[in-house]
Amino acid sequence: MKACFMGLGYIGLPTAIIAAKEGGVDIVGVDINPDVVNQTNAGHLHIIEPGMEEMLQEVVNSKKLHASTTPEIADAYFMVVPTPFKGNHEPDVSYVEAATRAVLPFLKEGDLYVIESTSPIGTTEMMAEIIFNERPELKDKIYIAYCPERVLPGNVIYELVHNDRVIGGLNPKSTEKAIEFYSRFVKGTLHKTNARTAEMCKLTENSSRDVQIAFANELSLICDKAGINVWELISLANKHPRVNILQPGCGVGGHCIAVDPYFITADFPMESKIISDAREINNYKAFWCAEKVKNSMLEFELRNHRKPTIAMMGLAFKPNIDDLRESPAKQIVSKVMQSCNNADILVVEPNVKNHNVFKLTDYKEAYKRADIVVFLTAHDPFKTLEWDEEKVILDFCGIYKRV
Ligand code: SAJ
């Protein structure tokens with residue numbers, strides 16, 4: 001069995017490695033970036049994922065996996081390429097279409113074609129149309145399915161094998177064919193459905209999380225005005241056996257939760273009210289935090305007749321990772337720096353050695369030197385810092401859970 005993976009990113013490469021190592025599949029991994037191809041063939045993991053590099057070296061050395069910039073003939077083809085959104089929040093499936101057109105000439109009767117990329121509803125049908133327009137002889141002769149992933153960066157190896165997966169074929173035979181492939185390495189349950197439902201399931205999972213986080217963020221705005229400790233409030237409400245309110249933050253970042261809901265609101269603008277409002281609330285939270293910081297700097301200057309030294313604690317989009325992509329923390333730091341010229345602003349990100357825009361300061365030193373300390377990302381090391389009554393502490397991510 002040979003499989004061609006189109007896209008060697010955060011999901012494509014780990015999935016290709018696991019399919020080779022655990023599923024006994026011969027893999028060709030295709031990426032448009034020659035550096036990624038060369039690094040992969042040299043056994044160097046170009047992404048950060050604990051324990052993954054050893055697995056890559058094993059499958060490359062045993063020739064179970066090799067990388068290339070062009071597809072090769074195989075029995076199964078997986079589209080695992082990015083699906084960003086354009087400026088107006090319109091989903092962009094052009095990479096999925098390009099990858100599909102690249103494998104078109106290689107498709108033959110009996111092959112399996114799967115999209116894993118997060119996609120708007122109907123994308124799988126759209127790609128099938130492209131395939132059959134170009135290759136009418138393949139109509140009903142190949143198997144086509146949509147199979148989303150739900151792994152958490154940092155825990156990919158475990159989750160790729162143990163998470164349940166939703167397998168959505170364009171027809172039942174396609175669903176069965178896809179299940180046959182994934183059962184080679186997935187120990188979680190493989191749930192059968194159709195392609196549209198599988199596409200919507202992925203969007204639903206992440207939109208539901210975005211709505212839940214928006215609820216927590218909205219509570220934080222209300223509690224700030226009401227003089228209530230939102231952390232205490234949520235902790236008490238969650239004592240209810242059937243209540244599970246998530247944690248407020250400085251906004252919602254990353255390529256998933258902050259992006260996927262737009263795939264629904266773009267296609268169903270009249271119907272998706274809560275989903276679009278949740279996006280607005282989570283985006284607004286970052287602006288709200290930036291305003292809070294600027295106001296506290298002005299208050300300090302009025303009270304102390306000097307500009308404050310301020311520590312901005314955290315740039316990553318979520319705790320204990322080094323990924324700054326689409327990070328609200330980074331957005332807030334930039335806003336504060338733009339508006340408070342020549343104030344002494346110390347930027348802290350313990351998971352990154354250095355940054356091409358921000359000069360980074362060690363978190364202990366920044367905490368010690370600062371008059372105002374702003375906690376943006378709840379990295380574990382920050383929780384070792386003793387609360388200091390002398391400082392102005394803005395805790396947007398629940399380090400101390402005090403007001
Ligand atoms: N966040 C909060 N409060 C919370 C939880 C999260 O403010 O209580 C923020 C985080 O700080 C971060 C953002 O939300 O900025 C997203 O965090 P996340 O924990 O959802 O992490 P992701 O985006 O890396 O992973 C999500 C996961 N989806 C769900 O939990 C439903 C993961 O399983 C998906 O595979 C991933 O999106 C994806 O790739 O779609």
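Computed from the coordinates by the stated procedures, all read-outs in this text should not be read as laboratory data. Quick caveat: nothing in here was measured; it's all calculated off a predicted structure. So basically every Cβ, Gly included, is an ideal-geometry build from the backbone, and we count neighbours across all protein chains shown.
Here are the numbers for this structure:
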quantity	calculated
Net length gained if the chain between T69 and N354 were fully extended (0.36 nm per residue, minus Cα distance)	99.5 nm
The chain: relative contact order in percent, alpha carbon pairs under 8 Å with at least 6 residues between	11 percent
Among A102, P136, Y146 - extreme Cα towards positive end, dipole of region 93-203, charges at beta-carbon	Y146
Links that overshoot a 22 Å alpha carbon limit, given the list K139/K202; K307/K359; K353/K383; K307/K353	K139/K202; K307/K353
Extension reserve of the E386-K86 stretch, reckoned as 0.36 nm per residue once the Cα distance is removed	103.6 nm
Counting DSSP beta bridges with both ends in the chain, the antiparallel % (nearest 5)	5 percent
DSSP-assigned coil residues among trypsin sites (Lys or Arg not before Pro) in region 281-329, each with at most 15 further Cβ atoms within 10 Å	R306, R325
Approximate shape of region 229-395 as ellipsoid semi-axes (Cα gyration tensor, √5λ), whole Å, largest first	29, 19, 17
Of the GluC sites (Glu not before Pro) in region 223-291, those whose Cβ has at most 12 other Cβ within 10 Å and which sit in DSSP loop	E271
Straight-distance crosslink candidates among lysines, where the alpha carbon sits under 26 Å from K64 and sequence neighbours closer than 8 are dropped	K2, K21, K108, K177, K187
Region 112-215 shape via C-alpha gyration tensor axes, a/c threshold 1.5	oblate
Acute angle (nearest 10 degrees) that the helix 123-134 long axis makes with the longest principal axis of the chain, alpha-carbon atoms	40 degrees
Virtual spin-label span in nm between T197 and A42, 7 Å along Cα→Cβ	4.7 nm
Calculated FRET value between F132 and Q57, using beta carbons and R₀ = 51 Å, to 0.05	0.80
Listed residue (A266, C256, I310) projecting farthest to the positive dipole end of region 229-395, Cβ model	I310
Nearest-20 debye value, the chain charge dipole, Cβ charges on Lys, Arg, Asp, Glu	620 debye
DSSP bridge pairs, region 2-195: antiparallel proportion in percent, nearest 5	10 percent
Theoretical gain in end-to-end length, S94 to K273 [0.36 nm per residue, Cα-Cα removed]	61.7 nm
Rough spin-label spacing in nm, given labels placed 7 Å along Cα→Cβ, for D35 and R242	5.3 nm
